[in-house]
Amino acid sequence: MSDAPSPPSIDIAGNLAAVRRDMTAAAVAAGRDPAAVALIAVSKFQGPPAVRMALEAGQRIFGENRVQEAQAKWPALRQAFAGTELHLIGPLQTNKVRDAVALFDVIETVDRPKLAQALATALQQGEHRLRCYIQVNTGEEPQKAGIPPREADDFIVHCRDALRLPVTGLMCIPPQAEEPAPHFALLAKIAARHGLAEVSMGMSADYRIAIGFGASHVRIGTAIFGPRPAP
Ligand SMILES: *Cc1c(COP(=O)(O)O)cnc(C)c1O
């Protein structure tokens with residue numbers, strides 16, 4: 001994260017407008033209401049000047065994948081721009097749960113019982129307006145976070161009913177080398193059978209497909225901010 005101004009060659013407002021246009025077109029093509037699909041601008045590794053440009057262009061929902069980076073960046077930006085909503089889209093360690101609960105509006109990466117328990121404990125200790133999504137490892141990749149699909153039903157019920165977590169949605173990151181469509185279809189199916197309205201899926205390369213399969217939130221970084229600077 002640097003304070004250097006982002007390169008003027010990257011037209012963040014223009015990119016945002018283009019992504020929003022594409023999202024609308026994809027929703028209309030799928031027979032969906034464009035207003036039912038929200039854009040999460042993934043600002044990980046982007047410095048405050050780039051994020052400010054997106055805020056100034058009217059963007060209000062952002063995704064970060066590290067608690068510490070978000071803590072350094074967001075308090076000042078939130079003071080300057082009202083109505084921001086911050087999503088944690090990267091792995092969460094249990095020792096960072098309190099910090100995450102204090103900063104984020106949505107934690108998209110609830111992926112294991114130990115984390116769910118730690119979140120439940122933290123949420124009992126005060127006011128919050130947090131929502132949680134369960135991350136599902138739809139590709140069953142050993143190196144990837146997320147609950148395996150065959151355990152997802154039990155885990156969702158456990159989080160919601162036993163731990164009383166405010167679970168409102170699901171999230172997935174399909175395997176890189178595979179066709180994403182079956183993964184999007186699977187995630188939407190699991191969400192539907194639990195009555196979960198929020199389905200976070202689709203990134204720069206495949207958000208149009210995800211919208212076709214019912215995404216309520218797409219997470220887009222590169223198509224808005226350009227290539228990410230080194231972390
Ligand atoms: C980085 C990231 C994105 C954004 O990816 P792009 O390809 O830059 O759009 C979306 N989701 C998650 C979980 C990410 O870590």
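Bear in mind these aren't lab numbers, they're just calculated from the coordinates by the rules spelled out. For clarity, every value in this text was computed on a predicted model and none was experimentally measured. Positions of Cβ are backbone-derived with ideal geometry, glycine not excepted, and every protein chain shown enters the neighbour counts.
Relative contact order for the stretch 1-117: what is it in percent, counting Cα pairs under 8 Å that are at least 6 residues apart?
Values: 131 pairs, mean separation 25.5, N = 117.
Dividing the mean separation by the residue count of the stretch 1-117 yields 22 percent.
What is the distance, in nm, between label points placed 7 Å from the Cα along the Cα-to-Cβ direction at Asn95 and at Ala72?
Computed distance between label sites Asn95 and Ala72 equals 1.8 nm.
Taking amide H positions as placed 1.01 Å from N in the peptide plane, with prolines and chain starts having none, which residues 5 or more places from Ile147, or on another chain, fall under 5 Å of its amide H?
Result for Ile147 returns Gln135, Val136, Asn137.
Taking trypsin sites (Lys or Arg not before Pro) as candidate sites, keep only those in a DSSP loop with at most 11 other Cβ atoms within 10 Å, then name the longest stretch of the chain containing none of them. Mind showing how you got there, number by number?
Details: sites that count: Arg129, Arg164.
No qualifying site falls inside 1-128, the longest such stretch.
Relative contact order for the chain using alpha-carbon pairs under 8 Å, separation at least 6, rounded to a whole percent?
Normalised by residue count, the contact order of the chain is 21 percent.
For the stretch 80-91, take each phi angle, set θ = phi - 60°, evaluate the Karplus expression 6.51 cos²θ - 1.76 cosθ + 1.60, and give the result in whole Hz per residue in order, putting x for glycine and proline.
3J(HN,Hα) across the stretch 80-91, in whole Hz: 7, 10, 6, x, 7, 10, 10, 10, 8, 10, x, x.
How big is the chain by Rg and Dmax over its Cα atoms, in Å?
17.0, 51
Let me have the 222 nm mean residue ellipticity of the chain computed from DSSP H runs of 4+ only, each contributing -39500 (n - 2.57), with the sum over all residues rounded to the nearest 500.
Estimated from H runs of four or more residues: -12000 deg cm²/dmol.
Through the Karplus equation 6.51 cos²θ - 1.76 cosθ + 1.60, θ set to phi - 60°, convert the phi angles of the stretch 202-213 into ³J(HN,Hα) values in whole Hz; use x for Gly and Pro.
Calculated HN-Hα couplings, in order: x, 10, 3, 7, 9, 5, 5, 5, 4, 4, x, 9 Hz.
Report relative contact order for the stretch 71-119 in percent, whole number only (criteria: Cα-Cα under 8 Å, sequence separation at least 6).
Normalised by residue count, the contact order of the stretch 71-119 is 38 percent.
Can you compute the charge dipole magnitude of the stretch 170-231 about its Cα centre, using +1 on each Lys and Arg Cβ and -1 on each Asp and Glu Cβ, nothing else charged? Give it in debye, rounded to the nearest 20.
120
Using only the alpha carbons, work out the radius of gyration and Dmax of the stretch 134-231 in angstrom.
Final numbers for Rg and Dmax: 13.9, 42 Å.
State to the nearest 20 debye the size of the charge dipole of the chain about its Cα centre, where the only charges are +1 on K and R beta carbons and -1 on D and E beta carbons. Numbers along the way, then the final one.
Working: 24 positive and 23 negative charges, 63 e Å.
Its charge dipole is roughly 300 debye.
Looking at the stretch 67-147, which GluC sites (Glu not before Pro) are in a loop (DSSP not H, G, I, E or B) and have at most 13 other Cβ atoms within 10 Å?
Of the GluC sites (Glu not before Pro), the ones in loops of the stretch 67-147 whose Cβ has at most 13 other Cβ atoms within 10 Å are Glu127, Glu140.
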